[in-house]
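K.L.:
Pasting a structure here, questions to come.
Nothing in this text is a laboratory measurement; each read-out follows from the coordinates by a stated rule. Owing to the predicted nature of the structure, the values given are computational and were not obtained by experimental measurement. Glycine also receives a Cβ, built like all others from the backbone with ideal geometry; neighbour counts cover every protein chain displayed.
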Amino acid sequence: MKFAHQALAATLFSVTAAGAHAQTQAPAPSRLYAEIGLTAVNLEITSNGAKLKANPTGLSAVLGYQVHPNVAIEGFLGLASTREPLEFNGTPVGLNAKIDSAAGFFVKPSVMVSNNVELFARLGYLRTKITVSSAAGSTSDSDTGTAYGLGANLYLTKSSYVQTNWTSYYKESGVKSQGLTLAYGMRF
């Protein structure tokens, strides 16, 4: 009986020491991360029953903090959208559209489905500014609305990953903006 207690104590000590050694060898990834992405935006403006469409391309940046293994809080900034022609049934109407900026925050629940694949959702608020222009001049409008999306991270290393996501950036007052993003992320 005494031998069994000694063997159990030795086993527990070995497992504890091995766990502590493993923690000193491989530190947990940082909670802070950043992403930069290229977004193909689908912009739709409905006016007087007509649906006008444009497909600008923009850059996005995200700075996030992992508050829990399955929840992060993110700040979002979208800039540098291209100016693209608005079309009605595939025909240009003489107007151009550009998303000047989008800024806000997201709450991001996530789950690891394998050692290097993470699925996530985003829910938050964005302030979006859109400009419509023609040869005669331009008009801009800004508004705040709910934004949401789904995506996946493919980890290349413990601290870097590539990401694809679909996000609805804005959907109010006859304007709908959503896009598909390809991004690179890094934990610091």
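K.L.:
How far apart, in nanometres, would the label points at residue 182 and residue 63 be if each is projected 7 angstrom from Cα along the Cα-to-Cβ direction?
P.N.:
Output for this residue pair reads 2.7 nm.
K.L.:
In the neighborhood of residue 146, defined by Cβ-to-Cβ distances under 14 Å, what is the net charge if each Lys or Arg adds +1 and each Asp or Glu adds -1?
P.N.:
Surrounding charge for residue 146 is +2.
K.L.:
Also: Given the Cα-Cα distance of residue 156 and residue 30 and 0.36 nm per residue of separation, how much length would full extension add, in nm?
P.N.:
Result: 43.8 nm gained on full extension.
K.L.:
Would you list, by chain and number, the aspartates and glutamates whose Cα falls below 12 Å from the Cα of residue 51, excluding same-chain residues fewer than 8 positions away?
P.N.:
87
K.L.:
What's the tally of Lys pairs in segment 64-188 whose alpha-carbon atoms lie under 17 angstrom apart, where the two lysines are 8 or more places apart or on different chains?
P.N.:
5
K.L.:
How many percent of all Cα-Cα pairs in segment 28-187 sit more than 19 Å apart?
P.N.:
That fraction is 54 percent.
K.L.:
Can you tell me the length gained on complete extension of the stretch residue 114 to residue 50, counting 0.36 nm per residue apart and subtracting the Cα distance?
P.N.:
Length difference between fully extended and current span is 18.5 nm.
K.L.:
I've got another one for you. Between residue 91 and residue 148, what is the FRET efficiency for a Förster distance of 35 Å, r being their Cβ-Cβ separation, to the nearest 0.05?
P.N.:
E between residue 91 and residue 148, to the nearest 0.05, is 0.65.
K.L.:
Picking from 109, 80, 41, whose Cα lies most toward the positive end of the charge dipole for segment 28-187 (charges on Cβ: Lys, Arg +1; Asp, Glu -1)?
P.N.:
Of 109, 80, 41, it is 109.
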